[in-house]
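Novice: Once you've had a glance at the structure underneath, I'll fire off some questions.
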Amino acid sequence: MNRERLKIIGFYILAAFVIARIMITPLQHSLQEKKNVLKEYEDTYKMRMLSYERYKAQEKGKNRESAGAIEKFLKSLYAGDVPFSTIQSEMVEKISALAEKEGLTLLSFEFPDPVSFKAVSEVPVVVRLNGQQKGVVALLGEIEKDSRTLVVKRFEDSKTGQYASQCVMTISAFRLEKYEQVKAEVKVKTK
């Protein structure tokens, strides 16, 4: 009986090994497939991470560039302690010199009231010029190249001859009232 019992126990152990083998073999293949999928996910994650880091570096560079451009723009504005009348007279002097250079005649000028905003004041000047149209176009180009930020807010042109014209322009300069506040807002927006 002892031998028969050993045969039965051996048979059960052999059957358990066969069943375990049948059950484990597919699991091993499944486990290997899952390891491969995990490796692919890991590679994809690394690629996305590199792409994201590159994107962040580019954004940081753009923010630095835009912050530099904004800083340059802020420096092109007049300081808050410069009187409005000084800004307006300086603008008339510049426009008069540029107009003479382009063969235009400054007929008259006006100093409208400045418009104050939260951190910047707009300082307008109205000028009336007479001369050839190509001189007016060249004057507008020179105004655009000026080191100070000048904006032509209004432009009216009327012909007085075949090539001559008389124009009225409202040109505005800007005075920065609260430099530190604007600079802080710019830093917040570029971060």
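Novice: Touching an Asp or Glu at 6+ places or on another chain (Cβ under 7 Å) and within 30 Å of Asp113 (Cα to Cα): is that true of Leu98 in this structure?
Specialist: When the stated conditions are applied, Leu98 passes them.
Novice: What residue, among those in region 153-187 that are hydroxyl-bearing (Ser, Thr, Tyr) and modelled with pLDDT of 70 or more, is surrounded by the most Cβ atoms within 10 Å (Cβ to Cβ)?
Specialist: Among them, the one singled out is Ser172.
Novice: Right, something else. What number of residues within region 28-80 are part of a helix (DSSP H, G or I) and in contact with a Leu (Cβ under 8 Å, 6 or more places away or on another chain)?
Specialist: Matching residues across region 28-80 total 1.
Novice: State whether the residues of region 73-88 include one that is free of Cβ contacts under 8 Å to residues at least 24 places away in the same chain and aromatic (Phe, Trp, Tyr).
Specialist: Scanning region 73-88 turns up no residue that is free of Cβ contacts under 8 Å to residues at least 24 places away in the same chain and aromatic (Phe, Trp, Tyr).
Novice: If you don't mind, there's one more thing I want to ask. Restricting attention to region 100-136, and to residues there that are among the small types (Gly, Ala, Ser) and touching a helix residue (DSSP H, G or I) at 6+ places or on another chain (Cβ under 6 Å), which single residue is surrounded by the fewest Cβ atoms within 10 Å (Cβ to Cβ)?
Specialist: Of everything passing the filter in region 100-136, Gly103 is surrounded by the fewest Cβ atoms within 10 Å (Cβ to Cβ).
Novice: Which ones in region 139-173 are part of a loop (DSSP other than H, G, I, E, B) and not charged (D, E, K, R)?
Specialist: Answer for region 139-173, where residues must be part of a loop (DSSP other than H, G, I, E, B) and not charged (D, E, K, R): Ser147, Thr149, Thr160, Gly161, Gln162, Tyr163.
The values are calculated or read from the model by the stated rules, or taken from the named source; none is laboratory data. Being a predicted model, the structure only gives us computed values, none of them experimental. Methodologically, a virtual Cβ is constructed for each residue, glycine included, from the backbone with ideal geometry; neighbour enumeration extends over all protein chains shown.
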